[in-house]
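Notes follow once the structure below has been shown.
The values are calculated or read from the model by the stated rules, or taken from the named source; none is laboratory data. It should be emphasised that the depicted structure is a prediction, and the values quoted were computed from it without experimental measurement. Every residue, glycine among them, receives a Cβ derived from its backbone with ideal geometry; neighbour counts consider all protein chains shown.
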Amino acid sequence: MIQEDTRLNGMVSGAVNIVAGATLWLNGMIVGDVSVEKNARTYIYGMVSGDVINRGGDLEVYGVVNGRVLCMDGKTLIDPNSVVRETERSISNSKIVTKQKP
């Protein structure tokens, strides 16, 4: 569980939950699912081998997600240079934005 602002440059094996008020900058690797709670922020520059679930926070993906990006609520931005296996929007008021390549 990430409860404070964290820069992760190494590797975590297992599920990671980012709680309200915390920010995760992922430059390393997470082998497991990632959950972004309401009012949390997550920036993925590294790799997630599992699903990334946005439950109401701000999620930006610039790296690799070898799984699904699920947007249940909140804002999700997917960079055009990122690699994501699958995206899915679960609730009509959620938003997935994919930037266009220039």
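Miscellaneous remarks
- Pairs with Cβ under 9 Å, 6+ apart, first in segment 36-55 and within 10 Å of residue 18 (Cα to Cα) and free of Cβ contacts under 8 Å to residues at least 40 places away in the same chain, second basic (Lys, Arg) and not in a loop (DSSP other than H, G, I, E, B): 36/55; 37/55; 38/55; 40/55
- Criterion: in contact with a Ser or Thr (Cβ under 9 Å, 6 or more places away or on another chain) and not hydrophobic (A, V, I, L, M, F, W, C) - qualifying residue of 46, 56, 28, 50: 56
- First in segment 1-26 and under 18 Å from residue 74 (Cα atoms), second anywhere and among the β-branched types (Val, Ile, Thr) and at pLDDT below 95, Cβ under 6 Å, 6 or more apart: 18/2; 22/2; 24/2
- Qualifying positions in segment 1-13 - assigned to a loop (DSSP other than H, G, I, E, B), within 15 Å of the chain's Cα centre (by Cα) and of a type outside the set (A, V, I, L, M): 5
- Members of segment 31-41 found to be part of a strand (DSSP E or B) and surrounded by fewer than 24 Cβ atoms within 10 Å (Cβ to Cβ), listed by number: 31, 35, 41
Rundown of residues vs (1) modelled with pLDDT of 90 or more; (2) assigned to a strand (DSSP E or B); (3) surrounded by fewer than 20 Cβ atoms within 10 Å (Cβ to Cβ); (4) touching a strand residue (DSSP E or B) at 6+ places or on another chain (Cβ under 7 Å), yes/no style:
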site	(1), (2), (3), (4)
43	yes, yes, yes, yes
48	yes, yes, no, yes
65	yes, yes, no, yes
69	yes, yes, no, yes
73	yes, yes, yes, yes
86	no, yes, yes, yes
91	no, no, yes, yes
97	no, yes, yes, yes
